[in-house]
Amino acid sequence: MSNQEIATTYDSALAENKWYKYWMENGFFKSTPDEREPYTIVIPPPNVTGVLHMGHMLNNSIQDILVRRARMQGKNACWVPGTDHASIATEAKVVAKLKAEGIEKTDLTRDEFLAHAWEWTDKHGGIILEQLKKLGASCDWDRTCFTMDDERSTAVIDTFVKLHEKGLIYRGVRMVNWDPDALTAVSDEEVIYKELQSKLYYLKYQIEGENEFVTIATTRPETILGDTAICINPEDDRFKHLKGKRVLVPLINRSIPIIEDSYVDMEFGTGCLKITPAHDINDYEIGMRHNLESIDILNDNGTLSDKAELYIGKDRFEVRKEIVADLEKAGNMLKVEDYMNKVGCSERTGAVIEPKLSTQWFLKMTEMANTALNAVMNDEVQFHPAKFKNVYRHWMENVKDWCISRQLYWGHQIPVYYYGNGDFVVAANKEEALKKAQNTSGNRDLTLNDLTQEADVLDTWASSWLWPISVFDGFNPDKDEIDYYYPTSDLVTGHDIIFFWVARMIMAGYEFKGAKPFKNVYFTGMVRDKQGRKMSKQLGNSPDPIGLMEKYGADAVRIGMLFCAPAGGDLLIDESLPEQGRNFSNKIWNAFRLVKNWEVDAKITQPESAKVGIEWFNAKLSETIETLNDQFDKFRLSEALMTVYRLFWDDFSSWYLEIVKPPYKAPCDKVTYDATIEIFEKLLKLLHPFMPFITEELWHTIDERDEKDCVMLAQWPSVEKYDVAKLTQFEDAQAAISEIRTVRKNRNISYKDQLTLNVNPGTDGYAIDNDAVIIKMGGLTGIEKVNGKVDNSAPFMVKTSEFFIPLGDNIDVEAELDKLTKELARHQGFLKGVMGKLNNEKFMSGAPEQVVAIERKKQADAEAKIKAIEEQMVSLKK
């Protein structure tokens, strides 16, 4: 490509559209089983009707980085995309849409509602996947799955049947978390507890047949209408006289017993506890122990039912206001106190959860949880960061049976078929159910019309827990893909769904395949604004990812997020981060333009400085690749990005290019130019997983290439043999160059004025092999060895080697002494700190030998520098 064809600035939009289309058209993202090692990631399926937010951006950027690197390592990389039907969220959107059109859900049959839901899904579904393409996601799009497509639905239904046959699924009346807005039960994991300023109401209950009262404290006075007992602790001497008595429920005068149970906390409230078995899980368990009546005073929508006797049909929170006023009028309100209370709210709708007795379907978890717990604690499945193992263990050791039924239309309808007087069979379809029902009942006259399918659907997570298996049609015995791709390699997900999804997938993996579903789990943190607040539409603090990519470029947004995204740690984002990413893109582009604009002359000899610089950078490159590989292995992706960022910005741009670039308007020798292009190509390979678009654009701008010669398919650079000592010596040369530049700056010496450098070599800090680089970068006429101090010079030290820049009569003795005095104090302070450790018996006895050796080396270096500075000061005073 000619120099004139290189654009002055990088056009991210043009490159992104061009190269994503090119990759897709050439099928570079596709994967089929072959002889290569597979590398597999399944996408955490976003809601089918969702749109891209910053959490998706972070999660999918990380997945793409891992997949692209694996592809460059020669692995058969397969990234499976897909979406989740999201029962509660999607049904709520469809209900809202219908309501806006004047249609109530209750006016429709199940099939009519589902027709609207599928229409909504077909219209809005898949938008998020198209948006992920803008990010550069290299998914195998031909494999796109949906949790309610035919293959996934078959898997869900078949596994329900199998689990029921094993006795792991059962139907029962239990206290569940009821969402009055969504009109469905939700699992414990779908309840978010919020600290709210509440009131604690102290209510008086009259003892039956007496003019005395007992006082209870409650945050929910409306629930007294469902009270069926007052409970005291049998050890509480204050209430011994109440044993066997009864009290009257205020306002309705229902007579209820006073019972004794050790559950009651004698220190909380008044020590007397109202028992409402239908509306509190703990009360329910006490009610079961004491055979108490359970009175459900709430309708499914949170209004009061006929059983409440009062306030019938009114909303529970409106009733709370009214009943407080009525209790005060009746003389039953003793006092009211402010009270901070943890209130359970639905994760999906935000509604305050009501504990509710309900007939639901449950999945036994204990046995599966034990297997899945051991897998993680034994590192068969590795968590990154490992701190989440403790969170996982706590939940798994306290796991409860999973309420898997939901009172919705949108979802997988539970494959239970009722007949007769409440009898039922479980079968994959109605035809199989009929055969089972005929065999079970002995009634051959039963027909399909005699069967009624369970109205409830399964919890959304009851489909996505099968995801790593079902996306490869792993429940089909004729499929060979599951044997090749499973277990998958890595899972990238937010730690907020460790219980919803991660734990359950691990359970499903061992239950249905006898093996873990993935080898590693990388937990991302929460994306927050710079004030640390969770991003939300209500706060208006969530930037539009598409808008950010249009403004700064996809590569810039990808790396902008990763600049501050340690595994498991929250990411505080604002627009300065993608802006920093765009600055880095410009740095890469301008570095390439600089090199491509060099005039190349094959006849001229390579300068010694360029030769040394190339040898150094190739060694530095190998050292960095080694570091990068280790960081990838440990899932330290933010650190990996910073490693390659510093390599390009600091080592390549600030040092290497300055070392090898030809003098102004002079040509570059061909050996140096070719070596620089080769180095640049290696850098593009290291950058590609993080920044796929600009690297592909530059890869093809460097040279004309074959159709398949893309950086995304190039081989990940290998670690070549390098000399660590040589790298250390070059760092010493860089330190010397920095000191020379400081001398020039402090004394206003122009770079046009060449200097001489004298060196009194010590045991380290100077190597003659790097003289050519020091001379070029320092603007020197040469370097001369000396055996002692040099008068009238600007001295500095690198480790144990002394350097002197002769200044003739232009030295300001007083200023130099002042500078040396401050430098002496700094080194003395440093030595004092080191000696504090070495004189500490506890440190010396407990520190490893290697650590002690490092401290002794620090001592020796500091003492040598102090001695040299003191000698310089003596010399100046003569």
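The values are calculated or read from the model by the stated rules, or taken from the named source; none is laboratory data. Computed from a prediction, not measured in an experiment: that's the story for all the values here. Here the Cβ is made from the backbone with ideal geometry for all residues, glycine too, and neighbour counts use every protein chain on show. Areas reflect the complete protein model, heavy atoms only, side chains present, ligands, DNA and RNA absent. Shrake-Rupley method; radii C 1.70, N 1.55, O 1.52, S 1.80 Å.
Can S305 be described as closer than 27 Å to V173 by Cα, of a type in the set (S, T, Y), in contact with a strand residue (DSSP E or B) (Cβ under 7 Å, 6 or more places away or on another chain) and at pLDDT 95 or above? Here the answer is yes, as S305 does meet what is asked. All conditions but one from (1) assigned to a loop (DSSP other than H, G, I, E, B); (2) touching a strand residue (DSSP E or B) at 6+ places or on another chain (Cβ under 6 Å); (3) open to solvent by 10 Å² or more (accessible area, probe 1.4 Å); (4) not hydroxyl-bearing (S, T, Y) apply to F424; the one that does not is (1). What is the residue count in the stretch 266-300 for residues that are open to solvent by 60 Å² or more (accessible area, probe 1.4 Å), farther than 23 Å from E354 by Cα and touching a residue at least 12 places away in the same chain (Cβ under 8 Å)? Residues that pass the stated criteria total 1. Does the stretch 677-690 contain any residue that is open to solvent by 10 Å² or more (accessible area, probe 1.4 Å), out of contact with any Cys (no Cβ under 7 Å at 6 or more places or on another chain) and of a type in the set (A, V, I, L, M)? Scanning the stretch 677-690, I find at least one residue that is open to solvent by 10 Å² or more (accessible area, probe 1.4 Å), out of contact with any Cys (no Cβ under 7 Å at 6 or more places or on another chain) and of a type in the set (A, V, I, L, M), so the answer is yes.
Taken over the stretch 338-380, the criterion of being open to solvent by 70 Å² or more (accessible area, probe 1.4 Å) and touching a Leu at 6+ places or on another chain (Cβ under 7 Å) is satisfied by K364 alone.
Right, I811: touching a residue at least 12 places away in the same chain (Cβ under 8 Å), open to solvent by less than 60 Å² (accessible area, probe 1.4 Å) and either part of a helix (DSSP H, G or I) or over 30 Å from A610 (Cα atoms) (or both) or not? Spelling it out, I811 is indeed touching a residue at least 12 places away in the same chain (Cβ under 8 Å), open to solvent by less than 60 Å² (accessible area, probe 1.4 Å) and either part of a helix (DSSP H, G or I) or over 30 Å from A610 (Cα atoms) (or both).
Screening D601, D674, D650 for residues that are farther than 27 Å from H384 by Cα, in contact (Cβ under 8 Å) with a residue 24 or more places away in the chain, surrounded by fewer than 20 Cβ atoms within 10 Å (Cβ to Cβ) and not hydrophobic (A, V, I, L, M, F, W, C) leaves exactly one candidate, D601.
Yes/no matrix, rows are residues, columns are (1) part of a loop (DSSP other than H, G, I, E, B); (2) at pLDDT 95 or above; (3) open to solvent by 50 Å² or more (accessible area, probe 1.4 Å):
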| position | (1), (2), (3) |
| --- | --- |
| A433 | no, yes, no |
| F472 | yes, yes, no |
| D478 | yes, no, yes |
| I497 | no, no, no |
| F500 | no, no, no |
| I506 | no, yes, no |
| Y510 | no, yes, no |
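The set of residues in the stretch 717-748 being at pLDDT 95 or above, open to solvent by 60 Å² or more (accessible area, probe 1.4 Å) and either farther than 26 Å from N629 by Cα or touching a strand residue (DSSP E or B) at 6+ places or on another chain (Cβ under 8 Å) (or both) consists of E739, R741. Taking helices (runs of 4 or more DSSP H) as the structural unit, those lying wholly within the stretch 69-153 and holding at least 2 residues that are open to solvent by 10 Å² or more (accessible area, probe 1.4 Å) and under 30 Å from E696 (Cβ atoms) correspond to 127-135. Note on the stretch 228-265: among residues that are open to solvent by less than 60 Å² (accessible area, probe 1.4 Å), polar (S, T, N, Q) and more than 24 Å from E337 (Cβ to Cβ), the one that is nearest to the chain's Cα centre (by Cα) is T228. Identify all residues within the stretch 443-464 that are in contact with a Leu (Cβ under 9 Å, 6 or more places away or on another chain) and in a helix (DSSP H, G or I); write none if there are none. Selection gives L448, D450, A462.
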